[in-house]
Structure formats: structure tokens, C-alpha cells
Amino acid sequence: MRIDIISVAPDLLESPFNHSIVKRAKEKGLAEIVIHDLRSYGLGNYKQIDDTQFGGGAGMVMMIEPIATCIRKLQAERNYDEIIYMTPDAATLNQATANTLSLKENILILTGHYKGVDHRVRALFITKEISIGDYVLTGGELAAAVVVDAIVRLIPGVIGDEQSALTDSFQDNLLSPPVYTRPANFEGNKVPAVLLSGNFPKIEDWRSDKAYERTEQIRPDLLK
Ligand code: ADE
């Protein structure tokens, strides 16, 4: 899978993509992530990328020309399955969306700043808009990093133990059951005995009961 990201703050994306699972996916050749600095498509000597909004109001708006030039250049090089805009005024990311996106070949992600992008960008180029939650970040970069992480770990071969991604919270709309490791007794706090029993059907039953119980307590909305 190839993921292109258009950003005015490419430095923000350095670290998240050079660690852990995303780094491993890149090294294995399973994911290629390319960052494009929108500033280099800016207008004039000052490489302008934003301007005040028509109709008045505080905050700058990202202009359509630099974004259009950048997107068109990339589109001339390959077909994108989705062109995604990261924005708080969109449907929230969930596991189903991550699953779907992990099956795509080429994804382009546009990250916003300031007041966001000229709305014509959304109308003309964007095929999907994603929010990562009902709060406003300074820019879409961290949100894009979240989306990329959620997608890349699902690409077959990225996580060694395939089972691990499949048993994550949300894969079946339930939160994960509690997990434990050694020691079996920490200062009198014991691991549930069933997990030490070696009775795997019983362990599975216990895990699904706990997953259901925790979901009911913490996220009853997932059960609806
Ligand atoms: N940009 C700013 N805030 C955001 C959010 N919550 N989700 C996605 N993109 C954003």
C-alpha cells in the first residue's frame, strides 16, 4: 500500500512513521508513506498557501490553488482509491473504516490547518472525510498519523501474530477483555484463576463474558 500525505507541517509526521509497527511495515515493503510539503506548491515569492476568508471572520483559510496543483501532480502519477481530508467536521474514525482502508492500494491524505481548506477543495477532490474525535487539533497531521497507524497495522503481514490484530478491541464491536502476565500473584493481587487453568474453551468463555461486561459498563453505545 502507498500512502501520500499533503501537509504544511511535514516535520510533525517524522516521528510517528519512523517507529514501531509503521516503521516495520515500511521496512518490509508492505507500506510506503510519502509526505509532501504543501508550502512548495505555494503561490508567489512568499509561497503563500492561505488567505483571509470571504465574508469576513477570524482565521485563515487554506487556498485551493496550491492544493489543487499538488493533488493533480500526484493524480497524474497514480490512481488514488481514496483522497481523504482530515477534519473535525466529519464522521469519526472507527475500526470498520480502518479495516476498509487497509485493503486499498493508494491513499492520499490532505491535512488541514488554520480554519481549514477552501470548501471547493472538498467538493472537487475529496472522496472521504475523517475526524478522529469531537475535539479540535491544531492541524490534521496528528489525526492523519492516527489514521495511518490504524490502517497499516491491519495490512496482512505487518503484525507477526495475525491473531493479534483480529482480537483487538472493536474488531467485533466489543472492548477487549482484561489481559495479565507474570507474576500470577503481585502483592496478594492474583490473576483470575481460570487463566491459569489450561482449560482453553473455559478461558475463551471467560474472555467473551468479560469483553461483553466491560463494553456494557464503559461503552454501552457499541452494543446498540
Ligand atoms: N483536524 C483538527 N482536528 C481534527 C480532528 N479532530 N480530526 C481530524 N482532523 C482534525
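Between the range 202-220 and the range 94-134, what is the C-alpha centre distance in whole Å?
33
Evaluate Rg over Rh across the chain, taking Cα atoms for both radii and Kirkwood's formula for Rh.
Taking Rg over the Kirkwood Rh, I get 1.08.
Using DSSP to call loops (not H, G, I, E or B), can you name the chymotrypsin sites (Phe, Trp or Tyr not before Pro) in the range 4-84 whose Cβ has at most 13 other Cβ atoms within 10 angstrom?
Details: sites: Phe17, Tyr41, Tyr46, Phe54, Tyr80; in loops: Tyr46, Phe54, Tyr80.
Filter output for the range 4-84: Tyr46, Phe54.
How high is the relative contact order of the range 108-224, in percent, with contacts defined as C-alpha pairs under 8 Å that are six or more residues apart?
20
Where a Cα-Cα gap under 26 Å defines reach, which lysines qualify for Lys73, not counting those fewer than 8 residues away within the same chain?
Leaving aside lysines fewer than 8 places away in the same chain, those within reach of Lys73 are Lys26, Lys47, Lys104, Lys115, Lys128.
Given DSSP loops and a limit of at most 14 other Cβ atoms within 10 Å, what is the longest stretch of the chain that contains no such GluC sites (Glu not before Pro)?
Here the longest run is 15-104.
Out of residues 5 or more away from Leu110 or on other chains, whose amide H comes under 5 Å of its own, with H placed 1.01 Å from N in the peptide plane?
Correct list: Ile6, Ile84, Tyr85, Met86.
Using a ≥ b ≥ c from the Cα gyration tensor of the range 26-101 (square roots of the eigenvalues), is it rounded, prolate or oblate, where a/c under 1.5 gives rounded and otherwise the larger of a/b and b/c decides, a/b for prolate? Kindly include the intermediate steps, with their values, before the conclusion.
Details: a/c = 2.55, a/b = 1.41, b/c = 1.81.
Here the range 26-101 falls in the oblate category.
I need the calculated FRET efficiency for the pair Thr69 and Ser15, taking r as the beta carbon distance and R₀ as 35 Å, to the nearest 0.05.
Numbers: r = 28 Å, r/R0 = 0.80.
After rounding, the FRET efficiency stands at 0.80.
Residue by residue through the range 106-115, which ³J(HN,Hα) values in whole Hz follow from phi under the Karplus form 6.51 cos²θ - 1.76 cosθ + 1.60 (θ = phi - 60°), with glycine and proline marked x?
Couplings: 10, 10, 10, 10, 9, 9, x, 9, 6, 7 Hz.
Whole angstrom only: what separates the Cα centroid of the range 174-190 from the Cα centroid of the range 1-62?
41
Within 10 Å of each candidate Cβ there may be at most 14 other Cβ atoms; applying that plus a DSSP loop requirement, which chymotrypsin sites (Phe, Trp or Tyr not before Pro) in the range 150-217 survive? Could the numbers behind the result be given before it?
Working: sites: Phe170, Tyr180, Phe186, Trp206, Tyr212; in loops: Phe170, Tyr180.
Filter output for the range 150-217: Tyr180.
Using 0.36 nm per residue of separation minus the Cα-Cα distance, give me the extension gain between Ser197 and Arg39 in nm, one decimal.
Gain on stretching Ser197 to Arg39: 50.9 nm.
Just to verify a number: FRET efficiency for His119 and Asn185, C-beta to C-beta distance, R0 = 45 Å, to 0.05?
Once the sixth-power term is evaluated, E becomes 0.15.
Determine the sum of side-chain charges near Asp11: Lys and Arg each +1, Asp and Glu each -1, restricted to other residues whose C-beta is under 12 angstrom from that of Asp11. Before the final figure, lay out the partial values.
Working: positive: Arg39; negative: Glu14, Asp37, Glu141.
Summing Lys and Arg as +1 and Asp and Glu as -1 gives -2.
Just the number: Rg to Rh for the range 169-223, Cα atoms, Kirkwood Rh, two decimals.
1.04
Among all the lysines, which ones have a C-alpha under 23 Å from Lys224's C-alpha, if same-chain residues fewer than 8 places away are not counted?
Lys210
Values quoted throughout were computed directly from the atomic coordinates according to the rules given, and no laboratory measurement underlies them. Because the structure is predicted, anything quoted here is derived from the model rather than measured. For neighbour counting, all protein chains shown are included, and Cβ atoms are generated from backbone atoms with ideal geometry for every residue, glycine included.
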